[in-house]
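Heads up: the structure comes next, in structure tokens.
No value in this document is a laboratory result; all are computed from the given coordinates. Please read all numbers here as calculations on a predicted model, not as lab measurements. Backbone-built Cβ (ideal geometry, glycine too); neighbour counts: all protein chains shown.
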Amino acid sequence: MTSYTPHLSDLIARAEDLYNGADMRRALPLIDEILADDALTDYDRTRWLFFRGIVHEDIGDLDRSIADFTAALKISGNSPEGVAMLLYHRGRAHAYAGRAGDAIADCSAAIGLRGAPRERIVMSLLLRACQHVECGRHSDAITDLDTVIGLPGATAEWVGEALFMRGLFSFKLDRHDDAIADYTAAIELPGAPAEWALKSLHNRANLHERAGRADAAIADYSGVIEFPGADPEWIGRAMLNRGLTHARLGRHDDAIADYTRVLHLNGGTAEHTAEALFSRAQAHGEAGRLHLELADLDALIDLPDAPPEWTARALLARGFHRLVEGRREEAIADYTAVINRPGVTATCTADALLHRGSANRMSGRSTLAATDFAAVINLPDAPASIIEAARAQLCTLSET
């Protein structure tokens, strides 16, 4: 072990404590001071350049991260393990920065490095596969994953991740049967981390649903819900999807039961709560329970931290009911709330303008109605179907 001055030794000890404790921002100035000391050996300089590269990546300063890994590579010597590690991490920083070509180049160099540890080769293959997809080369990505899956001595962790990713990429190529086969293999793989089995169950359920195999989809969603140690976010999403599947089959009470479970789920997200309220409102409406539908819409509209899009959809639905009931001013208030709400999609805004225009027309306010219909037509990204409906309404107004 190299002997350094007490000051440098103290810096190194403090920086290591902060780095190992994941206190990256506080570690950074100490690492800068360490690297400014000319007494560092090449080995230790490489080590601290690597650490600083990780810190820069962690705080989002990717150009500096890449520069650190590059500087470390220039003095790292010929150790295949060290070079492969630096190439992989520089490739990952390039990937985070959106430079897929540079990431692929670094991964390829690590994969082709004689004597590189198998773990680093696998990590580079997995990263390169993702970058191939970023470049639209799904077949090349699948080839890399085939290599991981067929690698002698590959661990269940590596194979499980590669099977899940290959299933995902096969789905994107519309090879749904291949995707289901890979998800099934990941689910049944002995010793694989639970993460890949859980994600594979969920994705296989989605594919069953797309193929019209509702009962198989429900079984897989149930598998996610009952999965030991599953995160509440995954459970909530599976409950919502199972509820939607029940609803499509006309099983409204089963759907409502799933949505209600989401609302009572500990650790659930605000988005899931909002979606569950909206979906339960729809199910109550389809079952003819209008008062319960409106109660859920009211609850969603009043929900703190609800995503703007779900609040907007609830306002649109409530506004429609109020319009049908002849409560035009209240309907207009709901549509106006959508129009004025930040973060709402163009579709919801256009829909609210169209319906507010209709309510104004019904109330004899032709000028306001025409203004709303014209606003739809001039709204960037408004759906063509809503624009055509607004044009038709304008034509009707001009004929009266």
Would you check if there is a residue in segment 300-320 being under 20 Å from residue 281 (Cα atoms), crowded, with 20+ Cβ neighbours inside 10 Å, touching a Lys or Arg at 6+ places or on another chain (Cβ under 9 Å) and among the charged types (D, E, K, R)?
no
List pairs: first in segment 81-110 and among the β-branched types (Val, Ile, Thr), second surrounded by fewer than 24 Cβ atoms within 10 Å (Cβ to Cβ) and in a helix (DSSP H, G or I), Cβ under 8 Å, 6+ apart or cross-chain?
83/73; 104/132
Of everything in segment 1-19, what is over 13 Å from residue 50 (Cα atoms), part of a helix (DSSP H, G or I) and without any contact (Cβ under 8 Å) to a residue 12 or more places away in the chain? Give them in sequence order.
6, 7, 9, 10, 13, 17
Could you list, in sequence order, the residues of segment 145-177 that are without any contact (Cβ under 8 Å) to a residue 24 or more places away in the chain and within 23 Å of the chain's Cα centre (by Cα)?
174, 175
Considering each residue of segment 264-277, count those that are of a type outside the set (Gly, Ala, Ser), part of a helix (DSSP H, G or I) and surrounded by fewer than 20 Cβ atoms within 10 Å (Cβ to Cβ), and give that number.
1
Taking residue 285 as the residue in question, decide whether it is assigned to a loop (DSSP other than H, G, I, E, B), small (Gly, Ala, Ser) and more than 18 Å from the chain's Cα centre (by Cα).
no
I'd like to check something: does segment 369-389 contain any residue that is of a type in the set (S, T, N, Q), closer than 25 Å to residue 271 by Cβ and either assigned to a helix (DSSP H, G or I) or in contact (Cβ under 8 Å) with a residue 40 or more places away in the chain (or both)?
no
Could you check segment 153-238 for helices (runs of 4 or more DSSP H) lying wholly inside it with 1 or more residues that are under 23 Å from residue 121 (Cα atoms)?
156-172, 176-188, 194-210
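Here's the yes/no breakdown for (1) part of a helix (DSSP H, G or I); (2) in contact (Cβ under 8 Å) with a residue 60 or more places away in the chain; (3) under 22 Å from residue 354 (Cβ atoms):
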| residue | (1), (2), (3) |
| --- | --- |
| 250 | no, no, no |
| 262 | yes, no, no |
| 281 | yes, no, yes |
| 292 | yes, no, no |
| 297 | yes, no, yes |
| 300 | yes, no, yes |
| 311 | yes, no, yes |
| 332 | yes, no, yes |
Which of (1) under 29 Å from residue 136 (Cα atoms); (2) more than 32 Å from the chain's Cα centre (by Cα); (3) assigned to a helix (DSSP H, G or I) does residue 113 not meet, given it meets every other one?
(3)
Would you confirm whether any residue within segment 234-246 is of a type in the set (Val, Ile, Thr), more than 30 Å from residue 273 (Cα to Cα), touching a residue at least 24 places away in the same chain (Cβ under 8 Å) and out of contact with any strand residue (DSSP E or B) (no Cβ under 7 Å at 6 or more places or on another chain)?
no
Scanning segment 135-171 for residues that are of a type in the set (Asp, Glu) and within 16 Å of residue 104 (Cα to Cα), the one surrounded by the fewest Cβ atoms within 10 Å (Cβ to Cβ) turns out to be 140
